[in-house]
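Asker: I am attaching a structure below and will ask some questions about it afterwards.
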Amino acid sequence: MEKLPTWLEINLDALESNIKLLRNWIDPEVKILHTVKADAYGHGAVQVAQAAEKWVDMFGVATVDEALELQASGIRTPILVLSPILEKEIPRIVNAGFAVTLSSSSFARRLSRCASERSSCIDFHVEVDTGMGRTGMLPDEAKEVIEEAASLPGIHFSGLYTHFPVSDTDPTFSVEQVERFHAFIDDLKARGVDIPILHSANSGAIPAIPESHMQMVRPGLLLYGYFPSEWKTPVSILPIMSWYSRLVQIRRIPAGNTISYGRTYTTQRDTLMGIVPVGYGHGYPFRLSNTGEMIIHGKRVPIIGRVTMDMTMVDLTDLMEKPDEGDEVVLIGKQGAASISLHEVAGWANTIPYEILCGISKRVPRTYFKHGKVETYKSLLGVLPNYLIA
Ligand SMILES: Cc1ncc(COP(=O)(O)O)c(C=O)c1O
């Protein structure tokens, strides 16, 4: 990528390998819902879904627009909208035929009316809150809503799920949630309700809590190559994304000068300073000011001064070989023997890996690699053929 000041490399072979590994961990009849919301955690939902479609059974998104984007790109695998949506959005769901998560009786009646008017049948899932404390319904309310909705025309009860808040850190609580979920299901069965596909496992639960797999698992982060807690990431899972840049300017700054906004760093020696054309406007966290590191010539170099909107400064003084403008910089990924993981960057920024991934802005072009070659290139200019950047 010699012509780009910064870019992401997304390795679609690694994605495929992660999905196949997951397939080996779970029973063959367990389905996979691949969570591709938030633009596939910043990786590019269309490109990721197109590459994954052959291996997974369903895609999970958060909004109707996200589902429509996938459909418009030719994705034909069923799509479930996981987050609650406004009742006003129901016609868009019905026209497109997506599955939806239903969270109230009034929503169920409106969905049923709209689907019946159009002579279609819409699949709905229900989320039971067994301890997540976010969306869904507590068991008593869920029971009533399901009993009513299951008898309405034009809609079909096709999934029942729950979600874990601490599957990576507290398996005991998660197992308790699984037990609450089963108690709820037993109650529904006793009331004569036909039980649909059951699902609960997110990335934290898949390796840690086998009883959470049920009939479908719902991984996001794991397929992008990470376990939510770094120390537990199974070695065979590969991060699919790396973030690169290039030095755009190199300057000599005498001792005693301050660097960047806020004057938070003062050079203690004659300093060789590199300018990396990436800042918080690209989603590179401001919190990395005077804290984070990058890799140049296979060595880690420290960030000096504040990260700015478009640029970040690094101290190149200790590099053995003289750096040149245009030299490659690694922000997340490997170069020679050195590497910086997503979890490390998230730790420096005092946040979670999910936020770093989702925050990488459209400004950073995405290059998609398949069989070691760039397959697609996506930038602010749209999706372009490879020859324009090669
Ligand atoms: C309902 C639901 N299921 C599954 C996932 C996937 O989670 P993870 O990326 O931790 O696997 C999410 C993500 O937040 C979610 O909200």
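The values are calculated or read from the model by the stated rules, or taken from the named source; none is laboratory data. The structure presented is a predicted model; accordingly, all values stated were derived computationally and were not measured. Glycine gets a Cβ as well: all are built from the backbone with ideal geometry, and neighbour counts include every protein chain shown. Note: areas computed on protein heavy atoms with side chains; ligands, DNA, RNA excluded. Shrake-Rupley method; radii C 1.70, N 1.55, O 1.52, S 1.80 Å.
Asker: Could we say that residue 8 is touching a residue at least 12 places away in the same chain (Cβ under 8 Å), more than 16 Å from the ligand (Cβ to nearest atom), not in a helix (DSSP H, G or I) and not hydroxyl-bearing (Ser, Thr, Tyr) here?
Answerer: Working: touching a residue at least 12 places away in the same chain (Cβ under 8 Å): yes; more than 16 Å from the ligand (Cβ to nearest atom): yes; not in a helix (DSSP H, G or I): yes; not hydroxyl-bearing (Ser, Thr, Tyr): yes.
Against the criterion (touching a residue at least 12 places away in the same chain (Cβ under 8 Å), more than 16 Å from the ligand (Cβ to nearest atom), not in a helix (DSSP H, G or I) and not hydroxyl-bearing (Ser, Thr, Tyr)), residue 8 qualifies.
Asker: While we're looking at this one, here's another question. Tell me, which residue of the range 39-56 that is in a helix (DSSP H, G or I) and more than 17 Å from residue 379 (Cα to Cα) is farthest from the ligand (Cβ to nearest atom)? If you could, list the steps in order and put the result at the bottom.
Answerer: Just the residues of the range 39-56 that are in a helix (DSSP H, G or I), to begin with: 39-41, 45-52.
Among the residues that remain, those that are also more than 17 Å from residue 379 (Cα to Cα) are: 49-52.
On the way: 49: 15, 50: 20, 51: 17, 52: 14 Å.
The residue in question is 50.
Asker: Of all residues in the range 134-162, which are within 13 Å of the ligand (Cβ to nearest atom) and touching a residue at least 40 places away in the same chain (Cβ under 8 Å)?
Answerer: If the condition is that a residue be within 13 Å of the ligand (Cβ to nearest atom) and touching a residue at least 40 places away in the same chain (Cβ under 8 Å), then 135, 159, 161 are the ones that fit.
Asker: Among the residues of the range 310-330, write down those that are open to solvent by less than 20 Å² (accessible area, probe 1.4 Å) and among the polar types (S, T, N, Q).
Answerer: 312
Asker: Given the options 188, 198, name the one that is away from the ligand (no atom under 13 Å from the Cβ), in a strand (DSSP E or B) and among the aliphatic types (A, V, I, L, M).
Answerer: Going through 188, 198 in turn, just one is away from the ligand (no atom under 13 Å from the Cβ), in a strand (DSSP E or B) and among the aliphatic types (A, V, I, L, M): 198.
Asker: Separate question: For the structure I just gave you, tell me whether residue 119 is small (Gly, Ala, Ser), more than 23 Å from the chain's Cα centre (by Cα) and either part of a helix (DSSP H, G or I) or closer than 20 Å to residue 357 by Cα (or both). Give the derivation first.
Answerer: Working: small (Gly, Ala, Ser): yes; more than 23 Å from the chain's Cα centre (by Cα): yes; either part of a helix (DSSP H, G or I) or closer than 20 Å to residue 357 by Cα (or both): no.
Considered against the rule, which asks whether it is small (Gly, Ala, Ser), more than 23 Å from the chain's Cα centre (by Cα) and either part of a helix (DSSP H, G or I) or closer than 20 Å to residue 357 by Cα (or both), residue 119 comes out as no.
Asker: Picking from 90, 75, which residue would you name as being assigned to a helix (DSSP H, G or I) and more than 14 Å from the ligand (Cβ to nearest atom)?
Answerer: Details: 75 fails: assigned to a helix (DSSP H, G or I).
Residue meeting the stated conditions: 90.
Asker: So, one more: Considering only residues of the range 169-191 that are in contact (Cβ under 8 Å) with a residue 12 or more places away in the chain and within 25 Å of the chain's Cα centre (by Cα), which is farthest from residue 147 (Cα to Cα)?
Answerer: 169
Asker: When you look at residue 85, is it within 30 Å of residue 9 (Cα to Cα) and either without any contact (Cβ under 8 Å) to a residue 12 or more places away in the chain or assigned to a loop (DSSP other than H, G, I, E, B) (or both), yes or no?
Answerer: no
Asker: Report the residue count in the range 286-309 for those that are outside any loop (DSSP other than H, G, I, E, B) and open to solvent by 30 Å² or more (accessible area, probe 1.4 Å). Break it down stepwise before answering.
Answerer: Keep residues of the range 286-309 that are outside any loop (DSSP other than H, G, I, E, B), which gives 286-288, 293-296, 299-303.
Still in the list and also open to solvent by 30 Å² or more (accessible area, probe 1.4 Å): 286-287, 293, 299-300, 302.
The total comes to 6.
Asker: Would you confirm, using the coordinates I've provided, whether residue 265 is within 14 Å of residue 243 (Cα to Cα), touching a Ser or Thr at 6+ places or on another chain (Cβ under 7 Å) and either surrounded by 14 or more Cβ atoms within 10 Å (Cβ to Cβ) or of a type in the set (Phe, Trp, Tyr) (or both)?
Answerer: It is false that residue 265 is within 14 Å of residue 243 (Cα to Cα), touching a Ser or Thr at 6+ places or on another chain (Cβ under 7 Å) and either surrounded by 14 or more Cβ atoms within 10 Å (Cβ to Cβ) or of a type in the set (Phe, Trp, Tyr) (or both).
Asker: Mind listing just one residue for me: the one in the range 67-78 that is free of Cβ contacts under 8 Å to residues at least 40 places away in the same chain and open to solvent by 10 Å² or more (accessible area, probe 1.4 Å) and, of those, nearest to residue 33 (Cα to Cα)? I'd like the intermediate steps shown before the answer.
Answerer: Let us first name the residues in the range 67-78 that are free of Cβ contacts under 8 Å to residues at least 40 places away in the same chain, namely 67-77.
This time we only want the ones that are open to solvent by 10 Å² or more (accessible area, probe 1.4 Å), so: 68-69, 71-74, 76-77.
Details: 68: 17, 69: 17, 71: 16, 72: 19, 73: 18, 74: 18, 76: 14, 77: 10 Å.
That would be 77.
Asker: Exactly one of these conditions fails for residue 23: (1) surrounded by fewer than 16 Cβ atoms within 10 Å (Cβ to Cβ); (2) farther than 16 Å from residue 239 by Cα; (3) touching a residue at least 40 places away in the same chain (Cβ under 8 Å). Give me its number.
Answerer: Looking at each condition in turn, residue 23 falls short on (3).
Asker: Ok, one more. Look at the range 208-224 and say how many of its residues are within 19 Å of the chain's Cα centre (by Cα) and either more than 11 Å from the ligand (Cβ to nearest atom) or not in a helix (DSSP H, G or I) (or both). Lay out the reasoning, then the answer.
Answerer: Kept after step one, since they are within 19 Å of the chain's Cα centre (by Cα), are these residues of the range 208-224: 216-224.
Within this subset, residues satisfying the condition of being either more than 11 Å from the ligand (Cβ to nearest atom) or not in a helix (DSSP H, G or I) (or both) are 216-220.
Total satisfying the criteria: 5.
Asker: How many residues are within 12 Å of the ligand (Cβ to nearest atom) and either under 12 Å from residue 55 (Cβ atoms) or outside any helix (DSSP H, G or I) (or both) if we restrict to the range 19-38?
Answerer: Within the range 19-38, residues that are within 12 Å of the ligand (Cβ to nearest atom) and either under 12 Å from residue 55 (Cβ atoms) or outside any helix (DSSP H, G or I) (or both) number 6.
Asker: Related question: Of the numbered conditions (1) away from the ligand (no atom under 12 Å from the Cβ); (2) not in a loop (DSSP other than H, G, I, E, B), residue 59 satisfies every one except a single condition; which is it?
Answerer: Single failed check for residue 59: (1).
Asker: Related question: Within the range 265-277, can one find any residue that is out of contact with any Pro (no Cβ under 6 Å at 6 or more places or on another chain) and within 29 Å of residue 12 (Cα to Cα)?
Answerer: There is at least one residue in the range 265-277 that is out of contact with any Pro (no Cβ under 6 Å at 6 or more places or on another chain) and within 29 Å of residue 12 (Cα to Cα).
Asker: If you go through the range 36-66, how many residues are closer than 20 Å to residue 85 by Cα, in contact with a strand residue (DSSP E or B) (Cβ under 6 Å, 6 or more places away or on another chain) and open to solvent by 10 Å² or more (accessible area, probe 1.4 Å)?
Answerer: Residues in the range 36-66 being closer than 20 Å to residue 85 by Cα, in contact with a strand residue (DSSP E or B) (Cβ under 6 Å, 6 or more places away or on another chain) and open to solvent by 10 Å² or more (accessible area, probe 1.4 Å): 2 in total.
Asker: Can you name every residue in the range 225-251 that is open to solvent by 10 Å² or more (accessible area, probe 1.4 Å), at pLDDT 95 or above and assigned to a loop (DSSP other than H, G, I, E, B)?
Answerer: Scanning the range 225-251 gives 239, 248.
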